[in-house]
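Reviewing the structure listed below.
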Amino acid sequence: MKLTLTTTKNSAWLTGAAGRVLGASYIGLQPADSAAGWPRQSIIAPLLGCTSECVQEIWQLEGDCHAGEIDGIAYRRAGGLLFGVIELDEADFARAAAPLEAATEEAYRRIFRLMEREGLPHLWRVWNYLAEINRESDGLERYRHFNIGRQEAFLACHRGASGNVPAACAIGLAGGPLSIAFMAGDQPAVPIENPRQISAYNYPATYGPRSPTFSRAALAYLPGQEILFISGTASIVGHQTVHPDDASGQCAESLANIAAVVEQANRASRGQPYALENLSYRVYVRHAADFPAIREVLAGRLGAAAEVVYLQADICRADLLVEIEAMASQSLGNC
């Protein structure tokens, strides 16, 4: 059972192979067609440097997947691997003191219940999207409300909020529901941290009442395969933002952080070393006007052939202009 990620502007090639799709992400300004038949996260955001109206990132397996839906989670499972998507409308939690906190906690509680029901207890990677991430509401920045709700669910479900936590991102969109996609498995992932940064779950209280619950990266395992998930990575050294108001500088610093994470991952890897130019990237750009400068930095470091998807979105701190996430996989001959 080998898992692959394909980035495409046209999914017509999937005809006849839909049963082997584990799940997908749809990036563009229109919602994804819900009739696809597999869990698909809609990321409603402008693509940058792309002539297509949308891009899809499709997780596909060599074997067949089995679909299901429970508690508002659309999911597919194949052996010891699970991918799911849940979307919750904050308006449904309007009676709560902080609706985003309540929606986040409920979403994660449902995810953990599904994982336990399926006997796949290890959360590997999470993609979180919420509206207006930097806006203040109910007395606190919305990202901080999100972190409270997320950590409450981890603790309530008897999961640690530090150390062995999943790779993740949390990104702001102009509107829409709280949208969470996740991948989980029957084997624990190996969390990876960055020596250039304080672990996010150890951030000081100046960044909010609850620290973010994620690892900088994770190495996950399927039979005969190793997958590297690198969390959303920004221009942070220690715990502080560096290169304020400098998109090129922030992009270069983000890449330096990814390089440090890759170095740590290579020390823990069971296979061949990973290299920056061989990763697949998703790049979030706060201001579209910064896109040319950010693309120039990335092309200079990664080469013009690197697989990169750019989109306009907000980052978890108002002073961050760019965030980069990445992944790669390799076969392991000794498994």
Can you find a residue in the stretch 64-82 that is touching a Leu at 6+ places or on another chain (Cβ under 8 Å), under 23 Å from residue 326 (Cβ atoms) and either acidic (Asp, Glu) or modelled with pLDDT of 90 or more (or both)?
-> yes
Does the stretch 249-263 contain at least one residue that is farther than 24 Å from residue 182 by Cα, touching an Asp or Glu at 6+ places or on another chain (Cβ under 8 Å), crowded, with 16+ Cβ neighbours inside 10 Å and not acidic (Asp, Glu)?
-> no
Tabulated pairs, the stretch 224-236, first without any contact (Cβ under 8 Å) to a residue 60 or more places away in the chain and under 12 Å from residue 212 (Cβ atoms), second crowded, with 23+ Cβ neighbours inside 10 Å and not small (Gly, Ala, Ser), C-beta under 6 angstrom, 6+ apart or interchain = none
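Within the stretch 237-246, is even one residue under 16 Å from residue 326 (Cα atoms) and either of a type outside the set (Lys, Arg) or in contact with a Pro (Cβ under 8 Å, 6 or more places away or on another chain) (or both)? Lay out the reasoning, then the answer.
Of all residues in the stretch 237-246, those under 16 Å from residue 326 (Cα atoms) come to none.
No, there is no match, as no residue in the stretch 237-246 is under 16 Å from residue 326 (Cα atoms) and either of a type outside the set (Lys, Arg) or in contact with a Pro (Cβ under 8 Å, 6 or more places away or on another chain) (or both).
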Kindly list, by first and then second residue, each pair from a residue in the stretch 65-89 that is free of Cβ contacts under 8 Å to residues at least 24 places away in the same chain to a residue that is buried (at least 23 other Cβ atoms within 10 Å of the Cβ) and assigned to a strand (DSSP E or B), limited to pairs with Cβ atoms under 9 Å and residues at least 6 apart or on different chains.
-> 66/76; 68/75; 68/76; 68/84; 69/75
If you scan the stretch 55-84, which residues turn out to be surrounded by 19 or more Cβ atoms within 10 Å (Cβ to Cβ) and either part of a loop (DSSP other than H, G, I, E, B) or touching a Phe, Trp or Tyr at 6+ places or on another chain (Cβ under 7 Å) (or both)?
-> 56, 59, 65, 75, 76, 82, 83, 84
For residue 97, indicate whether it is assigned to a helix (DSSP H, G or I) and small (Gly, Ala, Ser).
-> no
Scanning the stretch 103-141 residue by residue, those over 17 Å from the mean Cα position of the chain (by Cα), buried (at least 20 other Cβ atoms within 10 Å of the Cβ) and within 14 Å of residue 179 (Cβ to Cβ) turn out to be 103, 106
List the pairs whose first member sits in the stretch 7-26 and is within 22 Å of residue 308 (Cβ to Cβ) and among the basic types (Lys, Arg), whose second member is part of a strand (DSSP E or B) and at pLDDT 90 or above, and whose Cβ atoms are under 9 Å apart, counting only residues at least 6 apart or on separate chains?
-> 9/54; 9/55; 9/56
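Starting from residues that are in a strand (DSSP E or B) and surrounded by fewer than 18 Cβ atoms within 10 Å (Cβ to Cβ), keep the ones in the stretch 1-48 and report whichever is modelled with the lowest pLDDT.
Going residue by residue through the stretch 1-48, those that are in a strand (DSSP E or B) are 3-8, 21-28, 40-44, 47.
Then keep just the ones that are surrounded by fewer than 18 Cβ atoms within 10 Å (Cβ to Cβ); that gives 4-8.
Details: 4: 92, 5: 92, 6: 90, 7: 89, 8: 86.
Looking at the filtered set, the residue picked out is 8.
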Among what's in the stretch 180-199 and is crowded, with 19+ Cβ neighbours inside 10 Å, touching a helix residue (DSSP H, G or I) at 6+ places or on another chain (Cβ under 9 Å) and of a type outside the set (Val, Ile, Thr), pick the residue that is nearest to residue 132 (Cα to Cα).
-> 182
Number of positions in the stretch 238-253 that are assigned to a loop (DSSP other than H, G, I, E, B) and either of a type in the set (D, E, K, R) or free of Cβ contacts under 8 Å to residues at least 60 places away in the same chain (or both) | 5
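Give the residues of the stretch 113-125 that are outside any strand (DSSP E or B) and out of contact with any His (no Cβ under 9 Å at 6 or more places or on another chain), sorted by residue number. Don't jump to the end; show me each part of the working.
Residues of the stretch 113-125 outside any strand (DSSP E or B): 113-121.
Answer for the stretch 113-125, where residues must be outside any strand (DSSP E or B) and out of contact with any His (no Cβ under 9 Å at 6 or more places or on another chain): 113, 114, 116, 117, 118, 119, 120, 121.
Can you confirm whether residue 324 is within 22 Å of residue 174 (Cβ to Cβ), in a helix (DSSP H, G or I) and of a type outside the set (Asp, Glu)? Steps first, answer last, please.
Values: within 22 Å of residue 174 (Cβ to Cβ): yes; in a helix (DSSP H, G or I): no; of a type outside the set (Asp, Glu): yes.
The answer is no for residue 324.
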Of the listed residues (318, 306, 289, 268), the one being of a type in the set (Gly, Ala, Ser), over 20 Å from the mean Cα position of the chain (by Cα) and more than 24 Å from residue 193 (Cβ to Cβ) is 289
When the stretch 142-177 is examined, which residues are found to be surrounded by 20 or more Cβ atoms within 10 Å (Cβ to Cβ) and of a type in the set (Gly, Ala, Ser)?
-> 149, 153, 167, 168, 170, 172
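The values are calculated or read from the model by the stated rules, or taken from the named source; none is laboratory data. Because the structure is a prediction, the values reported are computed rather than measured. Positions of Cβ are backbone-derived with ideal geometry, glycine not excepted, and every protein chain shown enters the neighbour counts.
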